[in-house]
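Each reported figure results from applying straightforward, stated rules to the coordinates on display, with no laboratory input. Since we're looking at a predicted model, the values are computed, not measured. Don't worry about glycine lacking a Cβ; one is built from the backbone with ideal geometry, like all the others, and counts go over all protein chains shown.
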Amino acid sequence: MRLLALELFLSLLDVRGHIPRFDDFRPTPVAPAPAGTVGALAAAIGVFAVLSLVIWAAVWLATHLF
């Protein structure tokens, strides 16, 4: 009964037709990642590594100076 009420409510709002069903999704072939994405990911990892080392060095220096 609750499911029927929900479907009635969604149909009154005209939302029911916009909810995808499982069979609406077609399998697509897997494409390799574009070169720009891989380069941006590598740059982000590099920046993160450098920032991590800078913070580690600042903390190490601060602990050894005091």
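Which value in nm describes the separation of the simple spin-label points at T63 and A35, placed 7 Å from the Cα toward the beta carbon?
4.4 nm
Using θ = phi - 60° and the Karplus curve 6.51 cos²θ - 1.76 cosθ + 1.60, what whole-Hz ³J(HN,Hα) does each residue of segment 53-64 get, with Gly and Pro shown as x?
5, 5, 5, 4, 5, 5, 5, 4, 5, 5, 6, 7
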